[in-house]
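Trainee: Take this structure, written in structure tokens, and hold onto it; I'll ask about it next.
Laboratory data are not the source of any read-out in this text; all were calculated from the coordinates shown. Source: prediction; values computed, not measured. Every residue, glycine among them, receives a Cβ derived from its backbone with ideal geometry; neighbour counts consider all protein chains shown.
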Amino acid sequence: MSGSGRVLVVWCPDWSVVAALTEEGLSTAVPAAVLGRNVVEVCNDAARAEGVRRGMRRRDAQARCPELVLLDADPDRDARAFETVLGVVERLRPGVAPLRPGLMAVRAPTRFGGGEAHAAALYAEMLVEAGVWDVRIGIADDVFTAEQAARRAGVQAHEVVAAGGSSAYLRGLPVDALLADPEADELVSLLHRLGLRTLGELAELAPGDVSRRFGAYGLQVHRRVRGETAGPLAARTPPPELACEVAFEPPLDSVEAICFSVRTTAERFVAGLAERQLVGTAVRVEASCAGPRGEDVVVSSREWLHPRHFSARDLVDRVHWQLQGQAQGSVRSRRAVVAVTEPVTRVRFVPATAEPAAAHAEGLWGGGASELVERGMARVQALLGYDAVRVPVAQGGRTPAARQTSVPWGERSRVVRSPQQPWPGQIPGPAPARVFAEPLPGELIDHAGLPVEVDERGWVSAEPATVRVPDVGWLPVDAWAGPWPMDEAWWEETGSPLRRAARFQVVGVDGRAWLLASVDGGWWIEAGYD
């Protein structure tokens, strides 16, 4: 990298696992793996010690390590968590280049802190203080070599490649060193089959032969090992600080006093976003109390969502709901007591999602009815509480009752069961217009006046002739479909009896249709088709 300066690379191994465990509040020492499409993408040292490897299927990984903690892949979560590392490094030297979550590069200081080795030790010390325990640092003439050096450094240690020695350093590495790059799996497999064991052996091949046999990626590696690629470091511009906070001196123990005191800060937060032509659609509210040594400790943190974007009044309402909605502690309110063990010393607003204001601009003639509805719902929430106004959300399930849930107004849908997943045995469409909160007792009889029965194998005793619906009476059956037997969660001793049922769709002569369930010889009406 002649003339472009030395590069320092910071590597935090297994970052996806570290970020996921931290978000879940679990220890990073437990065996864990991040899965994507049912395959292990990343696992930590504790899992590797039990035989878990990248590329394993879920069942094989669990067979090797029954206590393995399985986590979902989330690149956004990994990037958010890595902002902590980027921020620590940027405080020492601006111009950080994030390569991917868990890996970043920066210009290596030459004289700062007594040289490269001392600077690397200082970076490692600051990151450990910030809570990043496993950090490794490499320094070389280019990013690729510095990354390989970091991957060979010990925990909280560094490895320095002498100036001008990148090519010699890389030539001695095994070809398996490329496996850190997900694109390299096929290339490494091919090199092994051809008998090439080190990167130096690859570098001895002619560039034309490498290009024809190994493609563009193989040629790129070939040029790196020969020291022929040394582009400029693509450093990022540090993002603007959009978070706002207010400290209370003395600390406040009243929800009303806290809400009154944060109003100006909320207005400053919204105005700061507006200056950059942004609005906040998701905001994290943090409340802190004094720790045992006098430091601020975050004791209440929640990310709030808005159907449009937050105003200062909306933020004050969220602070009120967040503190008042918890159950026990010393922060007092007129209606409830809050789960904070000490008076609040600080409240902080952090924009979790900031979007361009133009995307949320009002129409030429205003927002119309939707804007009035949103204001009305926000007013009701302010009076009755956040959970008092709810909206229906569809989720996955086999029955109409199982396919519906609700979330508070303004909260984005985060269903537990995905509607896109297959649900064998589910009732075919169209969906009923009404689903009863509690099934209604009904009857279904045949032409002989006997109850229609369904055995365990789904055999129907006779064709349905008449149905009785509460508040409607007896109706002759014009058409019917079914049965759809379902035995759901049979291994559980307790639960709804409708988990084991056979369902019918019945159309009366008046044109109305009903969904009935046969349970232990009796009939229940679950939904109506209007």
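Trainee: Taking every Cα atom in region 166-225, find the radius of gyration and the maximum pairwise distance Dmax, and write them in Å.
Mentor: When restricted to the Cα atoms of region 166-225, Rg and Dmax are 10.2, 27 Å.
Trainee: Something else about it: For a test of the definition: using alpha carbon positions, the gyration tensor, and the 1.5 limit on a/c, classify region 10-52 as rounded, prolate or oblate. Each step should come with its number before you reach the end.
Mentor: Working: a/c = 1.28, a/b = 1.19, b/c = 1.08.
Verdict is rounded for region 10-52.
Trainee: Quick one: what are the phi-derived ³J(HN,Hα) couplings along region 147-158, Karplus 6.51/-1.76/1.60 with θ = phi - 60°, whole Hz, x for glycine and proline?
Mentor: Couplings: 5, 5, 5, 4, 6, 9, 7, x, 5, 6, 10, 9 Hz.
Trainee: OK, next. In degrees from 0 to 90, rounded to the nearest 10, what is the angle of the helix 312-324 Cα long axis to the longest principal axis of the chain?
Mentor: Relative to the chain, helix 312-324 is tipped by roughly 80 degrees.
Trainee: Now for a different question. Which whole-Hz couplings ³J(HN,Hα) result when phi for each residue of region 130-142 is put into the Karplus expression 6.51 cos²θ - 1.76 cosθ + 1.60, θ = phi - 60°, listed in order with x for Gly and Pro?
Mentor: Rounded to whole hertz, the list is 7, x, 9, 6, 8, 10, 9, 10, x, 10, 7, 6, 9.
Trainee: Give me the percent of Cα-Cα pairs in region 1-127 that sit more than 23 Å apart, rounded to a whole number. Before the final figure, lay out each step's value.
Mentor: Values: 3341 of 8001 pairs.
Here the long-distance tail beyond 23 Å is 42 percent of all Cα pairs in region 1-127.
Trainee: Go from 0 up to the bin containing the longest alpha carbon distance in region 97-149, width 5 Å each, and give me the % of pairs per bin.
Mentor: 4, 19, 27, 30, 17, 3
Trainee: Give the angle, between 0 and 90 degrees and rounded to the nearest 10, that separates the Cα long axis of helix 15-24 from the longest principal axis of the Cα atoms of the chain.
Mentor: Helix 15-24 sits at roughly 40 degrees to that axis.
Trainee: Between region 290-309 and region 15-63, what's the alpha-carbon centroid distance in Å?
Mentor: Region 290-309 and region 15-63 have Cα centres spaced 29 Å from each other.
Trainee: So what is the relative contact order for region 434-529, in percent, with contacts set as C-alpha pairs under 8 Å and at least six apart? Walk me through the numbers before you get to the answer.
Mentor: Values: 198 pairs, mean separation 27.7, N = 96.
29 percent.
Trainee: Still on this structure, I have one more. For the chain, what does the relative contact order come out to in percent, with C-alpha contacts under 8 Å and a separation of six or more?
Mentor: On the way: 960 pairs, mean separation 43.2, N = 530.
Reported as a whole number, the value is 8 percent.
Trainee: Which is the longest part of the chain that has none of the trypsin sites (Lys or Arg not before Pro) sitting in a DSSP loop with at most 10 other Cβ atoms within 10 Å?
Mentor: Details: sites that count: R37, R111, R293, R334, R335, R414, R457.
Answer - 112-292.
Trainee: For the pair S461 and V128, what calculated FRET efficiency results from E = 1/(1 + (r/R0)^6), where r is the Cβ-Cβ distance and R0 = 51 Å, to the nearest 0.05? Please report the intermediate quantities before stating the final value.
Mentor: Details: r = 73 Å, r/R0 = 1.43.
Efficiency computed from Cβ-Cβ geometry: 0.10.
Trainee: Size of region 70-227 along its principal axes in angstrom, Cα-based, largest extent first?
Mentor: Computed over the Cα atoms, the extents are 48, 42, 25 Å.
Trainee: Also: When averaged across all projection directions, what area in nm² does the alpha-carbon convex hull of the chain cover? It would help to have the intermediate numbers written out before the result.
Mentor: Values: hull surface 143.4 nm².
The number I arrive at for the chain is 35.8 nm².
Trainee: Neighbouring Cβ atoms within 10 Å as the yardstick, rank F436, F144 fewest first.
Mentor: On the way: F436 16, F144 23.
Exposure proxy ranking, most exposed first: F436, F144.
Trainee: Through the Karplus equation 6.51 cos²θ - 1.76 cosθ + 1.60, θ set to phi - 60°, convert the phi angles of region 376-381 into ³J(HN,Hα) values in whole Hz; use x for Gly and Pro.
Mentor: Whole-Hz 3J(HN,Hα) from phi for region 376-381: x, 5, 4, 5, 5, 4.
Trainee: To continue, here is another question. Give me the net charge for the shell around T345: Cβ to Cβ below 10 angstrom, other residues only, Lys and Arg +1, Asp and Glu -1.
Mentor: On the way: positive: R346; negative: E249, E295, D296, E342.
Local net charge: -3.
Trainee: Now for a separate question. I need to check one value: relative contact order of region 166-225, counting alpha carbon pairs closer than 8 Å and at least 6 residues apart, in percent.
Mentor: Working: 50 pairs, mean separation 23.2, N = 60.
Computed value for region 166-225: 39 percent relative contact order.
Trainee: In degrees from 0 to 90, rounded to the nearest 10, what is the angle of the helix 75-92 Cα long axis to the longest principal axis of the chain?
Mentor: Once rounded, one gets 30 degrees.
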